[in-house]
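What follows is a single structure, written as structure tokens, with notes after it.
The values are calculated or read from the model by the stated rules, or taken from the named source; none is laboratory data. For clarity, every value in this text was computed on a predicted model and none was experimentally measured. Using ideal geometry, Cβ is built from the backbone for each residue, glycine included, and neighbour counts are taken over all protein chains shown. Just so you know, the surface numbers come from the protein's heavy atoms only, side chains and all, with ligands and any DNA or RNA stripped out. Shrake-Rupley method; radii C 1.70, N 1.55, O 1.52, S 1.80 Å.
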Amino acid sequence: MSTTKECKEYILEKLDVMEYITCRPMMGEYLLYYKSVLFGGIYDGRLLVKKTAHNKVYALPEEIPYKGAKTMYKLDVDDQEFVCKVILDTYEDCKKK
């Protein structure tokens with residue numbers, strides 16, 4: 001199942017409080033970048049972020065973005081302040097790679 005354009009736009013609208021987030025389509029889903037660093041994506045209408053050392057402290061639910069992929073953490077887009085914090089922590093770890 002692919003993410004609908006409406007769902008993508010809704011999630012991006014919620015993420016609009018953060019500058020520098022960009023989105024790229026990828027095989028029916030969307031990859032998300034913060035300051036040009038890949039931190040997660042929108043998969044089947046879910047906002048998922050990479051698992052990193054800094055964001056594991058939040059004990060977020062783990063979900064598989066697509067068959068054969070590593071698990072990622074699922075975020076509730078309606079808690080914008082929390083989402084921003086998790087994205088920034090994820091970005092800090094991902095930019096080091």
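Could you give the accessible area per residue of the chain, probe 1.4 Å, as a whole number in Å²?
62
Report the one residue of MET26, TYR66, THR52 whose Cα lies farthest in the direction of the positive end of the charge dipole of region 1-68 (charges on C-beta: Lys and Arg +1, Asp and Glu -1; origin at the Cα centre).
Of the candidates, THR52 comes out farthest on the positive side.
Given the pairs LYS50/LYS96; LYS50/LYS74; LYS8/LYS35; LYS35/LYS70; LYS35/LYS67; LYS5/LYS56, which span a C-alpha to C-alpha distance of over 21 angstrom in this model?
Flagged as over cut-off: LYS35/LYS70; LYS35/LYS67; LYS5/LYS56.
How large is the charge dipole for the chain, taken about the Cα centre, if only the Cβ atoms of Lys, Arg (+1) and Asp, Glu (-1) carry charge, to the nearest 20 debye?
The dipole of the chain has a size of about 600 debye.
First compute the accessible area of the chain with a 1.4 Å probe, then give the percent of it belonging to carbon and sulfur atoms.
Numbers: 3120 of 6040 Å².
Whole-percent figure for carbon plus sulfur exposure: 52.
When the convex hull of the C-alpha atoms of the chain is computed, what volume per residue in Å³ does it have?
Measuring per residue, one finds 93 Å³ for the Cα hull of the chain.
Counting pairs of alpha carbon atoms under 8 Å apart in space and at least six apart in sequence, what relative contact order in percent does the chain give?
Value for the chain: 25 percent.
With every protein chain left in place and a probe of 1.4 Å, what is the accessible surface of VAL37, to the nearest 10 Å²?
30
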